[in-house]
Amino acid sequence: MPTLTVTLVALVAIVALLAVSAFFSSSEIAIFSLPADWAAERAASGDSRAQVLAELTDDPHRLLVTLLVGNNVVNIAISSITTVVVAGYLQPGLAVLVTTVLTSLLVLVFGEIVPKAYGLGNAGRWSLTVAAPVRLVERLLSPLITVLDALTGWLTQYISGETSIERPYVD
């Protein structure tokens with residue numbers, strides 16, 4: 001059984017990771033819901049945040065890969081931490097069930113649905129706010145994102161014949 005300290009640290013980590021998941025989910029919907037020329041028009045008027053956003057949306061597939069990599073790594077970490085803690089208190093079979101239900105509810109409500117509603121309702125302002133942090137994530141994870149960008153682009157082209165399925169959302 002985990003100590004109280006371990007359990008509390010795990011709970012704090014889960015809350016922090018849910019906030020990061022919310023960041024990625026809200027960023028994705030906010031950026032991809034903007035009209036095509038929105039960022040470019042603001043960038044042309046000298047808004048440096050809009051310039052960063054315009055640069056990100058110049059390669060929508062890479063942007064989507066960046067956001068999905070970040071969100072999935074965070075969501076898997078949430079599930080892993082929750083599993084370790086719950087498994088310390090419950091029998092294995094029940095721990096898997098409880099962890100699956102609990103993690104799914106937490107991620108869906110606090111990491112997906114509510115953040116996406118916020119991102120959609122505040123798309124312009126939120127997109128400008130998150131542009132620089134998203135670019136930082138893209139740069140920090142660049143080797144991984146480059147590989148996944150190429151792999152998923154190739155697979156998408158192989159399956160559907162289309163290489164830029166995200167383009168209609170940002171053009």
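The values are calculated or read from the model by the stated rules, or taken from the named source; none is laboratory data. Just so it is clear, the structure is predicted and the values come from calculations on it, not from any experiment. As a convention, Cβ positions derive from the backbone with ideal geometry for all residues, glycine included, and neighbour counts pool all protein chains shown.
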Extreme residue, nearest to residue 81 (Cα to Cα), among residues of the range 10-54 that are among the hydroxyl-bearing types (Ser, Thr, Tyr) and within 18 Å of the chain's Cα centre (by Cα): 21
Qualifying residue in the range 88-107 (condition: farther than 22 Å from residue 11 by Cβ and among the hydroxyl-bearing types (Ser, Thr, Tyr)): no
The listed residue being surrounded by 14 or more Cβ atoms within 10 Å (Cβ to Cβ), under 20 Å from residue 119 (Cβ atoms) and at pLDDT below 90, out of 166, 138: 166
Unique match (being modelled with pLDDT under 95 and over 27 Å from residue 2 (Cβ atoms)) among 60, 92, 115: 60
Residue count for the range 20-42, restricted to those that are outside any helix (DSSP H, G or I) and of a type outside the set (Asp, Glu): 3
Residues satisfying the stated conditions in the range 84-125, i.e. among the β-branched types (Val, Ile, Thr) and either in contact with a strand residue (DSSP E or B) (Cβ under 7 Å, 6 or more places away or on another chain) or crowded, with 16+ Cβ neighbours inside 10 Å (or both): 85, 86, 98, 99, 103, 107
Search result, residues across the range 1-55 that are free of Cβ contacts under 8 Å to residues at least 24 places away in the same chain and in contact with a helix residue (DSSP H, G or I) (Cβ under 6 Å, 6 or more places away or on another chain): 40, 43, 51, 54
Filter pass, residue 131 being of a type outside the set (Lys, Arg), touching a residue at least 40 places away in the same chain (Cβ under 8 Å), under 30 Å from residue 150 (Cα atoms) and not in a helix (DSSP H, G or I): no
Residue 155 loosely packed, with under 14 Cβ neighbours inside 10 Å and either touching a helix residue (DSSP H, G or I) at 6+ places or on another chain (Cβ under 6 Å) or in a helix (DSSP H, G or I) (or both): yes
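Quick grid of which residues meet (1) of a type outside the set (Val, Ile, Thr); (2) surrounded by 20 or more Cβ atoms within 10 Å (Cβ to Cβ); (3) out of contact with any strand residue (DSSP E or B) (no Cβ under 6 Å at 6 or more places or on another chain); (4) part of a helix (DSSP H, G or I):
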| residue | (1), (2), (3), (4) |
| --- | --- |
| 51 | yes, no, yes, yes |
| 54 | yes, yes, yes, yes |
| 61 | yes, no, yes, yes |
| 64 | yes, no, yes, yes |
| 67 | yes, yes, yes, yes |
| 71 | yes, yes, yes, yes |
| 74 | no, yes, yes, yes |
| 77 | yes, no, yes, yes |
| 82 | no, yes, yes, yes |
